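Taking it in order: structure first as C-alpha cells, then the write-up.
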Amino acid sequence: MKDTVSLVGTYYGGKSILVTGATGFMGKVLTEKLLRSCHDVKAIYLCVRPKGGRSMQTRVENLLKCKVFDRVREEWPNFHKKIKPISAELTQPNLAIPSKDMEELLSEVNVIFHCAATVRFDEPLNRDALLLNVMGTQQLLRLAHQMKNLEALIHVSTAYSNCNRRNIEEVFYPVPVEPKKLLDLVGWMDESLIEAITPTVIGDWPNTYTFSKALTEYLIHQEKGDLNVAIVRPSIVGASWQEPFPGWIDNFNGTSGLLAAGGKGILRTVKCNPAAIADIIPVDLAINLIIAAGWYTAVHRPKSPLIYNCTSGGLNPLSWGELREYFFFLRIKNSENSTRLVWLESYLSIDRCVSILPFRMMKLFSRLDKTLNLLEYFTSNSWDWSYENTSMLLKELNSKDKTLFYFDICQLTWSEYIKDYCLGIKKYLLKEDLAGIPAARQHIRKLKTIQCVLKATLLVIIWRIFIARSQMARNVWYFVLSLCYKFLSYIRASSTLRP
C-alpha cells in the first residue's frame, strides 16, 4: 500500500504554499506541477509585482491563461480557485505586502519555494544582481522567520554559483566579501564607482549573476536560524522532457536562444569546446527535484540545510561535440585557439531573411554576438558536481513518487530529448506550424543547391580570370575540360550499347 500512494503528494495535501518568481519559466512549471500532481493543496500564494504598466492581478490572469496550464485546466477545471495572488516587491521591507495579506501569509504558509531571481549575466552589480538575488532573499528570510507554521523553505540557486571551482560539492562555500557589507556598500555608491569596482569585487566569477548567487547561498547559511532550509542548484535549464508537454519552453535564454537562432539560419557559429559538457537539465526534472526536496525537508527536518546539485554532466553527460549528432547537418570546425566553432545548419524552418530590414538584422546580430560572448565561459569549460544528497533523495522516494516526481536524469535519451526540444522551440517559441516541417526541409535542400551552384559559378569566374593571365593555367583548364568531355562521351556511348 505504501508504494501505491504518493508520499510527496500526500504531504502537500492541505498545505499552503508560497511561490516567488511564479511568472518566470521555472515558476510556471512549478505552479502547474503542484496544481496537477498535488491537487489537494490548500492554496498557492503567488508573489507578483506590477510590471510594464500591468497590475499584479492582470499579470496573474495572463499567467493562468498560458499554454503550460492547458493540461491541468483539462484535468482540474477549477484549479484557479487555489491560486491566491499577492502583490509583493522582494527588495522592499516585508516585501511591501499589504497588511491584510501579510496576516494571512504569516498564519497560513507551510512551504516556501523561492524561485525569483534575475538570470541576466550582464546586470550591473548594484541593480537586480544584488537587489533581487541577494537583498530579495534576505527580505524573504526575515518574513519566513515570522511565519508560525512554516515547515520548509526551498531556495532555487544555480549549479554555477561556485563556477570558479572545478569540483563542486553539495556544501556551502565561503565568499570573498560579506554579503551584508556589500549591500551596505552599494547602497551609497554611485553607478560609475560601482561599475569601476565590479571586476575586482567579483574576482574569478565570470559575471555578476553567478557571483550574486554565491552570495545568496552564503547569506542563507548565515541567516537561516532555525528555519528548515534546502537549496537546489539546477544547471542549464532547458525545455521539458515529459511534463506538462514534451519540449515545452517559453524563453530564449541560454541553450534555447542558441538553438532557435541556429535553427532559423541566423546564427551560423557558436564558440565552444567540443569536449566540454553541455550540462542541460530539463525543467520538469528540476521542478520535480524541488518539490521532492520540499517534502523531505519538511518531513525529515535535516539537522543542517541540504544542498542538491541538479545537473546532468556526471550522471548522463552530453558534450557539445556529441550535441552535433542530434541535429541535421551539424559540423564541427576547428579554430586556431582552444575553442571550437560549431557550425549550426538549419533544423527549424527558415524564413526569408531578406524580408527583415538591415537595421533590424544588425541589432539582432549585435545581440547574438553579445550573448555568445557571455555564454563562451560555460560552453568552453566543464565542472564536476557531487550528487550524494540528490542520490539520497531519489532513494527516499517510493515507486509511486519516482514515477510522479521523476528526476533521474539517467533515464533520459538525449537524441529524443533534443529532437523534442527543437520541435518545442518551433511550436511554443516561434509559434510555427509543425505541419510545415516537410516543406521547410525541401526549402533547405533548394537553398543548398543554390549555394552549390553559386559557389561553382564563382569558382569558374575566378578560374577564367586566372586563365587569362597564365599559360599553365590554360593548359590545365583545357586538360580538365577534355577529361570531362571524354567521360561524358563514354557515358553516352555506354548507354547506347545497352540492350
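Tabulated data for the structure shown
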{"read-out": "Residues of segment 282-315 that turn out to be surrounded by fewer than 24 Cβ atoms within 10 Å (Cβ to Cβ) and farther than 30 Å from GLY14 by Cα, as a count", "value": "3"}
{"read-out": "Within segment 306-344, considering residues that are in contact with a Pro (Cβ under 7 Å, 6 or more places away or on another chain) and not in a strand (DSSP E or B), the one modelled with the lowest pLDDT", "value": "GLY321"}
{"read-out": "Segment 316-325: number of residues that are open to solvent by 40 Å² or more (accessible area, probe 1.4 Å) and under 16 Å from VAL270 (Cα atoms)", "value": "3"}
{"read-out": "Selection within segment 136-195 - polar (S, T, N, Q) and buried (at least 17 other Cβ atoms within 10 Å of the Cβ)", "value": "THR137, GLN138, GLN139, SER157, THR158, SER161, ASN162, ASN164"}
{"read-out": "Within segment 233-247, considering residues that are open to solvent by 10 Å² or more (accessible area, probe 1.4 Å) and under 12 Å from TYR421 (Cα atoms), the one modelled with the lowest pLDDT", "value": "PHE245"}
{"read-out": "All positions within segment 301-313 that are touching a residue at least 60 places away in the same chain (Cβ under 8 Å) and more than 20 Å from SER240 (Cα to Cα)", "value": "ARG301, PRO302, PRO305, LEU306, ILE307"}
{"read-out": "Residue, surrounded by the fewest Cβ atoms within 10 Å (Cβ to Cβ), within segment 1-48, restricted to residues that are of a type in the set (S, T, N, Q) and either assigned to a loop (DSSP other than H, G, I, E, B) or without any contact (Cβ under 8 Å) to a residue 60 or more places away in the chain (or both)", "value": "THR10"}
{"read-out": "Enumerated helices (runs of 4 or more DSSP H) restricted to segment 360-429, each holding at least 3 residues that are under 27 Å from VAL29 (Cα atoms) and aromatic (Phe, Trp, Tyr)", "value": "414-424"}
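The values are calculated or read from the model by the stated rules, or taken from the named source; none is laboratory data. Predicted model, so just to flag it, every value in this text is computed and none were measured. Virtual Cβ from ideal backbone geometry, glycine too; neighbours counted across all protein chains shown. In case anyone asks, the SASA skips ligands and DNA or RNA and just uses the protein heavy atoms, side chains included. Shrake-Rupley method; radii C 1.70, N 1.55, O 1.52, S 1.80 Å.
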